[in-house]
1. Just to be sure, is residue 31 open to solvent by 60 Å² or more (accessible area, probe 1.4 Å) and more than 22 Å from residue 13 (Cβ to Cβ)?
2. For the list (1) in contact with a strand residue (DSSP E or B) (Cβ under 6 Å, 6 or more places away or on another chain); (2) open to solvent by less than 90 Å² (accessible area, probe 1.4 Å), I need the number of the one condition that residue 13 fails.
3. Yes or no: residue 55 more than 14 Å from residue 20 (Cβ to Cβ), open to solvent by 60 Å² or more (accessible area, probe 1.4 Å), of a type outside the set (Asp, Glu) and in contact (Cβ under 8 Å) with a residue 40 or more places away in the chain?
4. For residues that are free of Cβ contacts under 8 Å to residues at least 40 places away in the same chain, open to solvent by 50 Å² or more (accessible area, probe 1.4 Å) and small (Gly, Ala, Ser), tally how many sit in segment 58-83.
5. Would you please name the residue that is nearest to residue 93 (Cα to Cα), looking only at residues in segment 1-58 that are among the charged types (D, E, K, R) and in a helix (DSSP H, G or I)?
Amino acid sequence: MKRSKVQKMVIVSMMAAIGFVLMFFAFPVLPSFTYLKIDFSDIPVLISMFLCGPLAGIATAFLRSVLHFISTGIDPSNFIGDCASFLASVLMT
């Protein structure tokens, strides 16, 4: 069954919103190294990629990273972290 553009856009936006919420539920792998964190925000990116294709996964990762950057404030360290998260998600797809 072929999906319309509106259905793909809704799936991408919903998965980006779910990934955005999941970015705030990160916990450290080891308590002594607080910068090594596990977050489950890539799961909606993978789901949207499987449902709508690789470009939808890239769009989901981009929207998720932009939303996180805007909500956490404009700070160079946040920008670098969001760019790294986006690149890691894109390379995974």
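1. For residue 31, the condition - open to solvent by 60 Å² or more (accessible area, probe 1.4 Å) and more than 22 Å from residue 13 (Cβ to Cβ) - is met.
2. Failed condition: (1).
3. Taking the combined requirement at face value, the residue does not satisfy it.
4. 1
5. Taking the candidates together, the pick is 42.
The values are calculated or read from the model by the stated rules, or taken from the named source; none is laboratory data. Please read these numbers as outputs of a predicted model, since none were measured by experiment. Glycine gets a Cβ as well: all are built from the backbone with ideal geometry, and neighbour counts include every protein chain shown. Quick note on the areas: whole protein, heavy atoms, side chains included, nothing else; ligands and nucleic acids left out. Shrake-Rupley method; radii C 1.70, N 1.55, O 1.52, S 1.80 Å.
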